[in-house]
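**Student:** Mind looking over this structure? Questions follow.
Readers should treat all values here as calculations from the given coordinates under stated rules, not as data from a laboratory. Predicted model only: the values in this text are computed from it and were never measured. Cβ: placed from backbone, ideal geometry, glycine included. Neighbour counts: every protein chain shown.
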Amino acid sequence: MAFYDFLLDKLGTPSNYAGMEGGHVRKAYRLTARELEVLGLIAHGKTARGVANELSISLETVRAHVKSIYATLGAHNKDEATAWYWLNIPHNG
């Protein structure tokens, strides 16, 4: 439970939502719809190359999105960013 509390303290809680728009949750963290899409694919196990192929964008663009996601969330790595995703983004099932 201590690790869960650490993540909530460091990465934020669902109360950071600012509403819904275009099917994507808009939070105080201000991730763009595309960044949420990239983060979601990564959280579901896609590699950077897999994300690039799925979204028909370059690997460099994926890396730029990931860098922006980390900066916006205050995450230091993929594990922290994906933990934030699973704790904060509503999922079906």
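**Student:** Between ILE57 and ARG30, what is the FRET efficiency for a Förster distance of 22 Å, r being their Cβ-Cβ separation, to the nearest 0.05?
**Tutor:** Step by step, r from the Cβ atoms, then E = 0.60.
**Student:** Using the Kirkwood radius over C-alpha pairs as Rh, can you work out the diffusion coefficient of the range 48-93 via Stokes-Einstein at 37 °C, viscosity 0.692 mPa s, in µm² per second?
**Tutor:** 286 µm²/s
**Student:** Something else: For an R0 of 22 angstrom, estimate the FRET efficiency from the Cβ-Cβ distance between LYS67 and LEU87 and round to the nearest 0.05.
**Tutor:** Result of the calculation: an efficiency of 0.55.
**Student:** To continue, here is another question. Each label point is 7 Å from the Cα along the Cα-to-Cβ direction; what then is the distance between the points at GLU80 and THR47, in nm?
**Tutor:** Result for the modelled spin labels: 2.5 nm.
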